[in-house]
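Note sheet for the following structure.
All of the numbers you see were taken from the coordinates with simple rules; none came from a lab. What you see is a predicted model, and the numbers here were worked out from it, not measured in a lab. FYI the Cβ positions are ideal-geometry reconstructions off the backbone, even for glycines, and counts take in every protein chain you see.
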Amino acid sequence: MIFSSLEFIFAFLPVALIGDFLLQRFIKARNLFLLSMSLFFYAWGEPKLVVLFMITILINWFAGLSMEGCGKWVGILAIVIDIGILLIFKYLNWFINGINEALRLNLVVNELPLPIGISFYTFQAISYISDVMTEKAKPNKNPINVGLYISFFPQLIAGPIVRYTEIEKQLQDRRVTMPSFNNGVMRFLGGFSKKVILADGMAIIVDKAYDLLSTGELGAAFAWLGTIAYMFQIFMDFSAYSDMAIGLGEMFGFTIPENFNKPYLAKSVRDFWRRWHISLSIWFRDYVYIPLGGNKNGRTYFNLAIVWLLTGLWHGANLTFLTWGGVYGLLVMIEKAFNIEDKTDRSKIWKWLYRIFTLLAVMMLWILFRADNFEAAIKYAKALISLDVENVGIDSPWMYLGEMKYELLTCALLSFVRLPDKIVNSIWFQSSRAVLLLLLFFVSVSYLVKGTFSPFLYFNF
Amino acid sequence: MPFYQKKVGEMIITTAVSLAFIIYIMISFVLMLVNVNAPKKDAVTNYLSNDIQAHDEYINIYGMIQRGLGKKAIEDFTIFKTNYGKLTSVCEKKDVSEIKTAVSNILPIFAYCEGEEIPCVYLTGLLPAGEDALPYEESDYSHLNAELLKNELDENGINVFDLRNMVSANQDEMFYYTDHHWTTATSFSAFQIIVESISEYIESDVHYADIDKYEKMIIPNAFLGSYGIKVGKYYAGKDSFQVLIPKGDTLFKFESYDNIGNLSMTKSGAWIDALMDQSILDNPNYNNKYNAWLNTQAVENRIINENVDNNTKILLISHSYGRPLAQYMALCFKEVRILDPQKGRFTGNYIEYIENFEPDIVLFLGEFEGEIIGIYDTSVNDKISQMGEDRLETSEMLKNLEDYLLPVDEEEKIDFANINVDDHQFFAYCLKAECSMGNRNKINELTKYLLDHSDEDRDGIPGWGLLFEWDAFSDGSVNPVGQVYAIKVANVLDAFMDALNSGVLDEELRRQMIDITHQVTMNWNENYYTQENDTGKSFFWYSTSASDDIECINISAKMAGVFARVISTCSDEFSEEEKGLVYDNIDACIDRLLELAITDGELVTWDYLSRNSTTNDCIHHAFILEGLQDYQLYRGKSVSYNVPDLNEYIKKCTEDGYIYSTPDHLSYRCFDTDAVRWIGDREIEAEILLNSYDRYFNRETDIRQMAFLFNAFAFLEYDKQY
């Protein structure tokens, strides 16, 4: 089930809210109820693989509990199992195909379905075990609490990835106040309309661009339009999901960490990753980079390379993702080695030029991210510099630009403009925003009833 | 204003908004609980997609927003608003080869008529806005395509009436603004021109060709057509709907037939009473007024004018544009019949129809925006051309069918990417055929394909169905692409059991297939089976859609037979409890089936649906016989009939070496040649199959039929059944 669906809004959410409200005073029953709802939420889309998911929860709960008596090896074993499951379901087919191709073998493995959100919930499970192993947190004796931490439906499928220590106390005690509930609703409504109206609107341009690419009809103008649209689409889509997750979290009494901070305003590639998918960067920092030694022992760049290749691979079993992560790693290492952030900070012009370079680099790397394979990515990049400005067929880039101009403009405003706190915190802004969000909710529902919708991009990861 | 006052003010507004949101979703939830008829995923999804409260208002809001944003293109850039406000679609440029193929598909109709000296006239379409009226200088090749098409028709010597040059309405009055159809004024104008032009060939009464003989009825701002319905009235506006009602006494008889030739409606009376659904015109909430023409019926309609002095018979082969045209033409001639060639509508053979009806003239109006649309079965010519030639051996026919249906790549593996079929059943029949032939590789490949494509609706539950949208019972509930249907499931499971018995399945595949078979069997028995003690109904649903919770007798029979076979073949996979459930269901289904049998002497038949007495055609009769036979064989229980003796109905559907849908309508072909197996006379069966080969082979539009034939031939060649 996804948040931007009529089933979620009009069937699942009312039941979840009523149940949570009625059980406010009974924390154990409340957690059990939310765990059940989360498993139902998952089973709606993955009726078979929910069993695998439940097994993962039980293994990690049991491992956390057993570490006190049996030692840390149980935790290590649990992490190996978590990663093993992830490797089997997400990477095995890709790996076998690679071996077959490289060694001209004919190894056959049944294609396994990719469980939705496996990368996200596996990382949360590892976070729990690691925090217990490093004694940052105590093992939770109650399997319901561990289950709820791993499976909590708002962030189950596409994050933000919540570290166990961030939420440990809230599992035992949390309160929903009227202001926090209101904030949650506003945040959810904002994400909902952002996804339905903007992200899905951008998807129309992007899908057309890649359709034209596959039929060899893509001209330069449409290629640029498609690139810009994809830059907006992926941000609107993913940040909308995070907004909805954070909003829902507040409605149910949880504080879920922020995941985005105007990433396209980044002054460098390193800065971009401090603003984009923040919870993933922090996870890799805390659970991979630092355990590898971080910037000690003179292995900084080696450790960075590992982290960035893993970041690429985390997004999907494909060489394009691996390369995408690798290139980011390289750019980060260059920036670190030459201290570029400090140097560009000293000159306004260089700062702006480097900001533009960063944005262009991010845009170009999104092509690699979106394309099905290298060949398609190269073809797309060639189209960007092609002399054939117009497409071959009847699909004109100017028509798409003309039709989607307001959506594009809104995406640009949301991506590049940061309003002063004074305005944002003013009563008229907050009040009119609330009313606008309610109106946008009805508009978004009308888009869903009309049937203009596509799934979240980060469901694939 | 003090800080705390600001905060309180803000709090009041955000709380009001939050409450409004919560109250709205709670009300919607309660309405859903009240309206959803079954607590199932599909039922919830269907309700929210199609019947959610204020559905039409939401569409109107959507359209209003699009209008506010100044959008000129809707539906993913497939429909455009012209500079004068009409909604219209645009066309890609057609290849010459596509145009030649389209013309060659209808050519036999003209050739046959020429041979029989029946005038046959091709009426061109009219074209909506040209490129000049489109936004963003959008290209539209419909005018060019229409020109290329006309050249091709001319080259083939077809008699073309080019309505484009004759109908004199202004461009902005020619079509509805919210719909793709001609306006009534355009239809009437076309009618006048056609009647005048064809008077040289046939006897006609031109009294009603004069517009002064009509009264105008205009329903203002009442019509939201096919384009407008997608974006609502605030974007598209609404058209006025006009009907020109003939003055004076008129008396008509109207008959409508469904796509297996059953009479589905009769009416008689004055022109408007007999031919138009006036409840649609009177209902202010019914948007698509165009449906009122010919009482919403769209497969085969017959209009008999009881007051006219001539005996002229007209056959109009036309898509929906011809419906008002047929109504007006009926005023001038004794009988007008209209056949709609669009997919899912008239499926009979056009040559045979003309042969039986013997019209005085045939009018063809199948062009839409420069393209001939529809499916035309004209294969009598194939039969005539091949009858005199030496027939191939059946083994060669079988090989030809296999090569055509299951092309292979360089590695001799089935090239699924090049098989253009939108029905899983196709692969099931191919698998059955390959099982008869014992072809190990293809059995494994086809089984794997069906397993890999067992969840096209992506609900995580395996099943098989159709890869196109379909309104199975024409009740407005359109099932989406990938919807699972019982008959497809039954035939796939049947094929799986054949594959299992063949003993050549790879172990892993065999295991996977058994697991899926188990899941599918239990899913249907637990979720898509209805037993009503008050009405006595016991049946499996027609599809997994809640709106198809309908007792369709042959479906239950076929499912009962297949589930009996599954339990018998994979007995170890089912717990005693599961077997008990399945047996209870299928026993009740068969008991119910036997209760519903209609006996007339030796002839035993069933209705198609229990809720009304619609005749079963021989395809579905054969499904019932298959179900009964499998039930007896695998459940080990006898029924009160000797199943092979129930074939009388199928025998009556055969004539001169061909098999037809029903005994009464011998121009409607039966496409499932598998039914032939029940005739019981080897010579007749073989003759029908050989003729069917001549009829269907190498015809892309008949690829599904060829799969039935492939299976039947495989039986013939390998099982020596014939």
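Data table
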| item | result |
| --- | --- |
| Förster radius 45 Å - calculated FRET efficiency between A:Ile88 and A:Leu22, Cβ distance, rounded to 0.05 | 0.65 |
| In segment A:65-108, the trypsin sites (Lys or Arg not before Pro) that fall in loop regions by DSSP, at most 15 other Cβ within 10 Å | A:Arg104 |
| Given charges at Cβ of Lys, Arg, Asp, Glu: chain B dipole, positive-most of B:Ala190, B:Tyr376, B:Pro246 | B:Pro246 |
| Hydrodynamic radius of the protein assembly as shown per Kirkwood, over alpha carbon pairs, in Å | 33.9 |
| For B:Asp282, net neighbour charge (Lys/Arg +1, Asp/Glu -1) across residues whose Cβ lies under 14 Å away | -1 |
| Ellipticity estimate at 222 nm from DSSP helix runs (n ≥ 4, -39,500 (n - 2.57)) divided over chain B, nearest 500 | -13500 deg cm²/dmol |
| Binned Cα-Cα distance frequencies in segment B:536-629 - 10 Å width, integer % | 16, 47, 28, 8, 0 |
| Two-decimal Rg to Rh for segment B:91-220 - Kirkwood Rh, Cα set | 1.01 |
| Ratio of the Cα radius of gyration of chain B to 2.2 N^0.38 Å, where N counts its residues | 1.05 |
| Note, ³J(HN,Hα) from phi for segment B:595-604, Karplus 6.51, -1.76, 1.60, rounded to Hz, x at Gly and Pro | 5, 8, 4, 10, 10, 9, x, 7, 7, 10 |
| Simple label model, 7 Å out from Cα along Cβ direction - B:Val96 to A:Lys405, nm | 4.2 |
| Rounded Å value of the spacing that divides the Cα centres of segment B:479-512 and segment A:316-388 | 48 |
| Distance between modelled label sites at A:Phe62 and B:Asp584, nm, 7 Å Cα→Cβ extension | 3.5 |
| When segment B:107-168 is reduced to its Cα atoms, the Kirkwood hydrodynamic radius in Å | 13.4 |
| Label point distance in nm, A:Ile55-B:Asn356, each placed 7 Å from Cα along Cα→Cβ | 6.0 |
| Cα centroid of segment A:136-150 to Cα centroid of segment B:209-245, whole Å | 65 |
| Rg to Rh quotient for segment A:356-435, alpha carbon positions, Kirkwood Rh | 1.14 |
| Set of segment B:220-249 residues, backbone N closer than 11 Å to the point 7 Å along the Cα-Cβ line of B:Lys213 | B:246-249 |
| Reachable lysines from A:Lys169, criterion Cα separation under 17 angstrom, eight or more residues apart if same chain | A:Lys28, A:Lys136, A:Lys138, A:Lys141 |
| GluC sites (Glu not before Pro) lying in DSSP loop within segment A:132-180, provided at most 10 other Cβ fall within 10 Å | A:Glu135 |
| Rg/Rg_globular for segment B:200-352, with Rg_globular taken as 2.2 N^0.38 Å and Rg from C-alpha atoms | 1.08 |
| Residues whose placed amide H lies under 5 Å from that of B:Phe241, excluding near-sequence neighbours | B:Ile219, B:Asn221, B:Ala222, B:Phe223 |
| Within segment B:272-359: Cβ-based charge dipole about Cα centre, in debye rounded to nearest 20 (Lys, Arg +1; Asp, Glu -1) | 300 |
| Phi-based couplings in Hz for segment A:176-183 (Karplus 6.51, -1.76, 1.60; Gly and Pro marked x) | 9, 9, 4, x, 5, 5, 4, 4 |
| Furthest towards positive pole of dipole, A:Tyr241, A:Gly219, A:Gly326, structure part segment A:212-361, Cβ charges | A:Gly326 |
| Modelled FRET efficiency - R0 25 Å, A:Val417 with A:Leu353, Cβ distances, 0.05 increments | 0.75 |
| In sequence order, calculated HN-Hα J values of segment A:212-229 (Karplus, 6.51, -1.76, 1.60; Hz; x Gly/Pro) | 5, 4, 5, 9, x, 10, 7, x, 4, 4, 5, 4, 5, 4, x, 5, 5, 4 |
| Student exercise, the protein assembly as shown dipole from Lys, Arg, Asp, Glu Cβ charges, in Debye to nearest 20 | 8560 |
| 17 Å Cα-Cα reach of B:Lys579 towards lysines, excluding residues that sit fewer than 8 places from it in its own chain | B:Lys637 |
| Förster radius 25 Å - calculated FRET efficiency between B:Val481 and A:Glu111 (Cβ-Cβ, nearest 0.05) | 0.70 |
| Debye, to nearest 20: dipole size of segment B:223-267, +1 on Lys, Arg Cβ, -1 on Asp, Glu Cβ | 220 |
| Cβ-based charge dipole, segment A:344-407, positive-most Cα from A:Tyr380, A:Ser347, A:Leu401 | A:Ser347 |
| Counted charge near B:Phe540, where neighbours are those whose Cβ lies closer than 12 Å (Asp, Glu -1; Lys, Arg +1) | -1 |
| Other-chain or far-sequence residues with amide H under 5 Å of B:Asn479's (modelled H) | B:Trp470, B:Asp471, B:Ala472 |
| Segment B:466-579: translational diffusion in µm²/s, Stokes-Einstein, Kirkwood Rh over Cα pairs, 20 °C, 1.002 mPa s | 141 |
| Gap separating the Cα centres of segment B:316-335 and segment B:275-299, nearest whole Å | 16 |
| Amide H within-cut-off set for B:Leu363, under 5 Å, with H built and near neighbours excluded | B:Val121, B:Leu315, B:Leu316, B:Ile317 |
| Reach of B:Lys230 by Cα under 16 Å, taken over lysines that are not fewer than 8 positions away in the same chain | A:Lys450, B:Lys71, B:Lys72, B:Lys81, B:Lys86, B:Lys238, B:Lys289 |
| With 5 Å bins from 0: P(r) over segment A:114-243, alpha-carbon pairs, percent | 2, 10, 14, 14, 14, 13, 11, 8, 6, 5, 3, 1 |
